[in-house]
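The structure appears right after this line, and notes come after that.
Please treat every number below as a calculation from the coordinates, not as lab data. All figures in this text were calculated on a predicted structure; none of them were measured in a lab.
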Amino acid sequence: MKTRTTITLTAAALLAGTAAAGFLFPYRVEHRATATATADQAWKVIADLPGHSTWNPHTVELSGTPEVGETLLNRTRSSGTEFTFRPVVLVADPARELRWRGTTGIRGVADGEHYFRIEPGPTADTVTVVQGEEFRGATVPLLRPFLDLEEEFATSTDALATAITAHAGG
């Protein structure tokens, strides 16, 4: 009986430690690219949510209003699998940042906070667009092997910079 109690307590401690690690050590991915445009021109492309599917190879559908508190519909494709989320917009600061948080249904299990930032570029006629996501939650350490998104974010952020430059007429 003592062995069963020890095993149960050990398993509970491991699960609690794994869950805590998902909050204390989130998984982050971020990529930057330069576009020849103004911040306002970059914002127009980022805030055109239905237009994301035209330049982002991983976006199947993105709809809604980019305003704080609004719920979006986000259908994405990652490694051949399609996911649907209904994230809530946290930040919508024109010409600066768009940020939303999606969940797997229950907050704290596996939450993703996705963002686009517009920063000054290396020259006066450019901007740097930053796209990233931070995953937090009790199951993130267990899901981490499946969250290898570096290449996907690099591809989509480079495509975003190309779309912004094209929109700006560059």
message: At 0.36 nm per residue, and after removing the present C-alpha to C-alpha distance, how many nm does the segment from Thr139 to Asp125 gain when stretched out fully?
response: 0.7 nm
message: Full-extension gain between Ser79 and Thr54, please, as 0.36 nm times their residue separation minus the C-alpha to C-alpha distance.
response: 7.1 nm
field: Net length gained if the chain between Thr71 and Thr155 were fully extended (0.36 nm per residue, minus Cα distance)
entry: 27.7 nm
query: For the stretch 55-118, what does the alpha-carbon gyration tensor say about shape, rounded, prolate or oblate, given a ≥ b ≥ c as the root eigenvalues, a/c under 1.5 as rounded, and a/b over b/c as prolate?
result: oblate
Other-chain or far-sequence residues with amide H under 5 Å of Gly121's (modelled H): Thr126, Val127, Thr128
query: With θ set to phi - 60° and the Karplus curve 6.51 cos²θ - 1.76 cosθ + 1.60, what are the ³J(HN,Hα) couplings of the stretch 98-107 in order, to the nearest whole Hz, using x for Gly and Pro?
result: 10, 9, 9, 10, x, 10, 8, x, 10, 4
- prompt: Rounded if a/c is under 1.5, else prolate if a/b beats b/c, else oblate: with a ≥ b ≥ c from the C-alpha gyration tensor eigenvalues square-rooted, which is the stretch 50-170?
  reply: prolate
